[in-house]
1. Go through region 136-147 residue by residue and turn each phi into a ³J(HN,Hα) via Karplus (6.51, -1.76, 1.60, θ = phi - 60°); whole Hz please, and just put x for glycine and proline.
2. Calculate one ³J(HN,Hα) per residue across region 344-361 by plugging θ = phi - 60° into the Karplus curve 6.51 cos²θ - 1.76 cosθ + 1.60, and present them in order as whole Hz with x for glycine and proline.
3. Can you tell me the 0 to 90 degree angle between the C-alpha axis of helix 401-432 and the longest principal axis of the chain, rounded to 10?
4. With only alpha-carbon atoms in the gyration tensor, what are the semi-axes of the equivalent ellipsoid for region 1-160, in Å, largest first?
5. Give me the net charge for the shell around Ala128: Cβ to Cβ below 12 angstrom, other residues only, Lys and Arg +1, Asp and Glu -1.
6. Can you list residues from other chains, or at least 5 along the same chain, whose modelled amide H is less than 5 Å from the amide H of Ala285?
7. Using only the alpha-carbon atoms of region 88-207 as identical scatterers, what base-10 log of I(q)/I(0) does the Debye formula give at q = 0.11, 0.23 Å⁻¹?
8. Using just the C-alpha positions of region 207-316 as equal point scatterers, what log10 of I(q)/I(0) does the Debye formula give at each q in 0.20 1/Å?
Amino acid sequence: MDVLLLSRIQFAFTVAFHYLYPPLSIGLGVCLVIMEGLWLKTGNPLYHQMARFWTKVFALTFAIGVATGIVMEFEFGTNWATYSRYVGDVFGSALAAEGIFAFFLESGFLAVLLFGWDKVSRKVHYFATWMVCLGAHFSAVWIVVANSWQQTPAGFRIEETPFGPRAVITDFWAMVFNPSSVDRLSHTLMGCWQAGAFLVISVSAFYLLRRRHEAFAKASMKVGLAVAVVASLMQLVTGHSNALGVIKNQPAKMAAFEGHYETGELPIYLFGWVDEKNERVRGVALPLPLSRLMLGGMTPVKGLREFPPEDRPRVNTNFQLYHLMVGIGFGLIALSLAAAFLCWRGRLFNQRWLLWVLVFSVLGPQIANQAGWFAAEMGRQPWIVYGLLRTSEGLSAVVKAEAVLTSLILFALIYVLLFAVFVYLLNDKIKHGPDDADLVPTGKLALPSRPKPDAAPPAQPV
């Protein structure tokens with residue numbers, strides 16, 4: 001097989017598997033901040049129970065996420081050495097910042113979050129929860145900044161070296177705030193919030209259907225729905241802004257997303273199929289006036305025929321991935337709003353059919369996140385650094401197809417085992433449920449209690 005194809009499949013597989021977990025950690029971090037904050041504000045032990053249960057789930061996702069993310073660092077050197085030399089100055093700065101300001105912050109305070117419940121004060125523990133949550137978000141910041149630079153390079157110059165050209169940073173903040181980084185970061189974070197929120201919603205709905213831990217489930221459901229509604233609506237705003245940025249900065253990508261071959265007004269398709277041979281789309285599109293309104297007057301838009309065939313991404317694949325992401329996004333908006341409305345009216349917990357939908361809703365953000373990430377990366381092709389370095393030019397010079405295939409098979413086996421462990425442990429925690437002992441906090445975090453002044457003294461042993 002072709003070494004380029006195998007290397008792309010290997011990296012796509014490892015990234016896709018890894019990306020199952022960081023969104024859950026980021027979203028759960030937000031939920032933990034809210035739950036523990038409610039406990040500190042109200043003193044209700046139920047919120048303490050919620051915070052402790054979801055902290056255990058957070059720790060599991062964090063651990064698997066770290067284990068699966070390390071592999072990618074090595075693949076930069078083994079499979080993509082030319083690319084690593086080209087972007088080393090840029091990626092080195094961003095990934096170093098991610099390690100110092102994000103990973104160390106998150107992992108350092110994680111110990112306090114997990115083991116400090118009965119050992120530190122409430123405020124210190126809540127501060128640790130905030131730091132873990134912020135650390136997870138900062139990690140996303142620097143990873144998205146590095147990836148966004150590949151999409152819209154800025155703040156650099158090309159320097160010739162004995163080993164080939166190399167991008168060197170000339171303006172660090174221009175690199176950080178490149179034309180796509182803010183839009184892509186906000187869109188990514190809202191997807192992460194959705195992933196964590198719908199996990200909370202899914203488990204809560206499962207308990208309600210089984211008539212178990214009902215008070216816990218109802219309270220968790222309300223927190224999950226609050227985060228889900230905000231994230232889903234903000235996802236619509238950030239997604240629209242991101243799409244306008246793609247039209248401006250990566251017109252070939254957006255043309256592929258909508259199967260647009262002719263330069264002119266861009267019809268926005270609800271769904272369809274791209275006939276790449278005859279360069280046409282069979283599908284249902286919004287009326288042009290509505291499409292024009294949604295694009296904010298950004299017409300005309302470049303079509304794929306404006307680009308040489310060798311510079312075009314795969315059209316139908318990107319079309320389907322993009323519309324899958326958008327379709328799920330609108331579905332999650334409708335689902336979260338409907339569930340929140342019924343919850344507000346006090347009717348959600350009796351709607352068993354909707355609770356079953358909510359149980360499986362946890363898959364929605366994960367599929368949408370994967371589809372969006374694949375569309376963003378495949379839409380950049382054939383460039384590994386947009387307009388500067390082709391993917392075929394970024395490979396290691398000595399890597400062999402047999403070695404890549406062998407490592408891909410081994411990675412697949414290990415990742416399947418890791419996924420099985422994750423599912424087993426998560427299922428075990430869900431089956432066990434929240435601990436009743438957590439309803440009565442102990443230690444320095446315990447609710448204060450004083451004996452009544454007229455209470456009789458305890459009996460002394462004889």
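Read the figures in this text as sums done on the coordinates, not as results from a lab. Nothing here was measured: the structure is a model prediction, and the numbers come from that model. Note: ideal-geometry Cβ built from the backbone for every residue, glycine included; neighbour counts use all protein chains shown.
1. Residue by residue, region 136-147 yields 4, 5, 5, 4, 4, 4, 6, 5, 5, 4, 4, 5 Hz.
2. Values, residue by residue: 5, 7, x, 10, 5, 6, 9, 8, 4, 5, 6, 4, 5, 4, 5, 4, 8, 5 Hz.
3. On a 0 to 90 degree scale, this one is about 20.
4. Rounded to whole Å, the semi-axes are 37, 17, 12.
5. On the way: positive: Lys119, Arg122, Lys123; negative: Glu36, Glu106.
Counting the neighbours of Ala128, the net charge comes to +1.
6. Under 5 Å from the amide H of Ala285 lie the amide H atoms of Leu270, each far enough along the sequence or on another chain.
7. For region 88-207 at q = 0.11, 0.23 Å⁻¹, log10 I(q)/I(0) is -0.52, -1.20.
8. -1.03
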